[in-house]
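> One structure coming up, written as structure tokens, with questions to follow.
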Amino acid sequence: MAGQSRRKRIVIRVAGGLGLLLAALVGAGYVLLKPAPNPAPQVADYGSKANWVCLPGRNDSCAADLGATAIAADGGTQVNASTPTGDPPVDCFYVYPTVSRDPTENARLTLAPEVEFVTRVQFARFRTVCRPYAPLYRQGTLKALKAAALGIGTRGDLDLAYGDVRNAWQTYLAKYNNGRGVVLIGHSQGSRMLKRLMQEQIEHHPAQSQLVSALLLGNSVIVPTGKDTGGDFQTIRLCRAPTQIGCVVAYSSFRASAPPPSDSRYGRDPGNGQQVGCTNPAALGGGKAALDSYFVTREDSADRPYTDPPVTIGTPFVTLPGLISGACVHDDHGTYLSISLNGHPGDRRRAELYGDVIVFGRVLPGWGLHLIDMSLTQGDLVKLVQSQAQAFATSRHVP
């Protein structure tokens, strides 16, 4: 009951197909195996709809039920639907993170369940503000990532992965775009692919005029210290206002109580007059703000409920208004999105954040809250894209 003295906590299930990373890293008997070599690569045909996870108007991962139960501080609930927009003004092009469970260094061009799942969790909600495009690609697999971490292999052929993303992008421009504005959306390996795409195919190319924004989460976008441009991009700036277009949103998230360690995988500044860029989509101008988070409903919610006493959750997602806040921080630890909880004694929601990478019972602090980077701010990102799409339409004098 709310008056009981036991410690309150909010248990947030690891969101997205990245949750599979945890199982892959700790699997008994699996940890020491190197991935199998890749078969001889062939050029992927993105003229074939079979090589796309999402396309507009199709019954695919981006057309799934995205209903969310909002749980208030008093335990009250409200179900919110997510309705696709009939004719959104811009497109979104999404590249998913490392999720493939294939045994080879690089994934097959196959619509695996983990790809469908992470696309639904990270990308499908943007269908309310843009037409969704998401290609399959032969990414470096979880097994390759694990082998690289153990020093017994590489992260896979990332040139092969990038070649697929580049070819999908070129097919998208030629076959589907028709001069429309486009938002690039990626996380982790997906952000890495899109950053390279922007450097080689967009910046200083005609497509730059069509860039509404780029959401490059869970990877590093480097800028000169205290600056919004320079470093990885020469003319594409970090986003600092909701109506700014042609700009980048980038961050890696860490608990306020557990900032990036000295050997952190994410969030550490490279030095030599450079830092990692951080833009908080809930407060682009700076400062701390409540985050509009969306989390996958846990299968174990009956045993570890969201509230005390438990409430019934009948939707695939949960949102917790006012509970989670974020602020971009630049300090001795690095530059990162610092996440804190705002629970108070009368708040019936359990107040503990889960989203770490844990191996053999030990949290890997250098990963921060990487597994839920996208979930923490997803509502804010959708609102931002909507605002940027309207600004883009105005700049093009589109009614």
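Computed from the coordinates by the stated procedures, all read-outs in this text should not be read as laboratory data. Quick caveat: nothing in here was measured; it's all calculated off a predicted structure. Cβ atoms come from the backbone with ideal geometry, glycine included; neighbour counts cover every protein chain shown.
> Would you mind working out the magnitude of the charge dipole of the chain relative to its Cα centre, with +1 at each Lys and Arg C-beta and -1 at each Asp and Glu C-beta, to the nearest 20 Debye?
Dipole about the Cα centre, nearest 20: 200 debye.
> Would you mind classifying the range 35-89 by shape? Square roots of the alpha carbon gyration tensor eigenvalues, ordered a ≥ b ≥ c; an a/c under 1.5 is rounded, otherwise it is prolate if a/b is larger than b/c and oblate if not.
Verdict is oblate for the range 35-89.
> Per-residue HN-Hα couplings for the range 219-227, Karplus 6.51 cos²θ - 1.76 cosθ + 1.60 at θ = phi - 60°, whole Hz, x for Gly and Pro?
8, 9, 10, 8, 9, x, 4, x, 10
> Quick one: dipole size for the range 62-171, taken about the Cα centre, charges +1 on Lys/Arg Cβ and -1 on Asp/Glu Cβ, in debye to the nearest 20.
With Lys and Arg at +1 and Asp and Glu at -1, about 180 debye.
> Where a ≥ b ≥ c are the square roots of the eigenvalues of the C-alpha gyration tensor, would you call the range 35-193 rounded, which needs a/c under 1.5, or, failing that, prolate if a/b is larger than b/c, or oblate?
It is oblate, given that a/c is not under 1.5 and a/b is not larger than b/c.
> Moving on. Rounded to the nearest 500, what is the chain's calculated 222 nm mean residue ellipticity when only DSSP H runs of at least 4 contribute -39500 (n - 2.57) each, over all residues?
-5500 deg cm²/dmol
> Continuing with the same structure: From Cα pairs below 8 angstrom and at least 6 apart in sequence, can you work out the relative contact order of the range 160-285, rounded to a whole percent?
This gives 22 percent for the range 160-285.
> Count the lysine pairs in the chain whose Cα atoms sit under 24 Å apart, keeping only pairs 8 or more residues apart in sequence or on different chains.
Lysine pair count for the chain: 11.
> Calculate, axis by axis, the spread of Cα positions in the range 246-292 along the three principal axes, and write the results as whole Å, longest axis first.
Between the extreme Cα coordinates on each principal axis of the range 246-292 lie 30, 30, 15 Å.
> Evaluate the distance, in nm, between pseudo-label points positioned 7 Å from the Cα of Asp331 and of Glu200 along their respective Cα→Cβ axes.
3.9 nm
> Follow-up question, since we're still on this one. Quick one: what Rg and Dmax do you get for the range 97-158 from the alpha carbons, in Å?
Cα radius of gyration and Dmax of the range 97-158 are 13.3, 43 Å respectively.
> Then there's this: Enumerate the amide H contacts of Val53 below 5 Å, restricted to partners 5 or more residues apart or on another chain; note that Pro and chain-start residues carry no placed amide H.
Ala134, Leu136
> Further, regarding this structure: Please say if the range 150-228 is rounded, prolate or oblate, where rounded means a/c under 1.5 for a ≥ b ≥ c the square roots of the C-alpha gyration tensor eigenvalues, and otherwise the choice is prolate for a/b larger than b/c and oblate otherwise?
oblate
> I'd like the FRET efficiency for Ala40 and Ala241, computed as 1/(1 + (r/R0)^6) with the beta carbon distance as r and R0 of 35 Å, rounded to 0.05.
Using R0 = 35 Å, I get an efficiency of 0.15.
> May I pose another question? When Lys288, Lys175 are ordered from fewest to most other Cβ atoms inside 10 Å of their Cβ, what list results?
Ordered by Cβ neighbours within 10 Å, fewest first: Lys175, Lys288.
> Report the relative contact order of the range 324-399, percent, no decimals, based on alpha-carbon pairs under 8 angstrom and at least 6 residues apart.
Answer for the range 324-399 is 15 percent.
> By counting other Cβ atoms within 10 Å of each Cβ, how are Phe317, Phe360 ranked from fewest to most?
Phe360, Phe317
> Determine the relative contact order of the chain: mean sequence separation of Cα pairs under 8 Å and six or more apart, normalised by residue count, in whole percent.
21 percent
> Further question on the same structure: With a 10 Å Cβ neighbour count serving as the proxy for reagent exposure, in which order, fewest first, do Glu200, Glu116, Glu105 appear?
Fewest-to-most Cβ neighbours within 10 Å comes out as Glu200, Glu116, Glu105.
> Long-range amide H contacts for Gln275: which residues qualify at under 5 Å (H placed 1.01 Å from N, peptide plane, sequence gap of 5 or more or a different chain)?
Under 5 Å from the amide H of Gln275: Val223, Thr225.
> How big is the C-alpha Rg of the range 358-399 next to the rule-of-thumb value 2.2 N^0.38 Å, as a ratio?
1.97
> Same structure, new question: Simple spin-label model, 7 Å along Cα-to-Cβ: His344 to Thr128 in nm?
Between His344 and Thr128, the simple spin-label model gives 2.7 nm.
> Tell me, in nm to one decimal, what length is gained between Ile152 and Ala50 on full extension, where the rule is 0.36 nm per residue of separation less the Cα-Cα distance?
33.3 nm
> Pop out the ³J(HN,Hα) list for the range 363-372 in order, Karplus 6.51 cos²θ - 1.76 cosθ + 1.60 with θ = phi - 60°, rounded to Hz; leave Gly and Pro as x.
Each residue of the range 363-372 in turn: 5, 8, x, x, 8, x, 9, 3, 5, 10 Hz.
> Moving to a separate point now. How large are Rg and Dmax for the chain when only the alpha carbon atoms are used, in Å?
In Å, with Rg to one decimal and Dmax whole: 20.3, 63.
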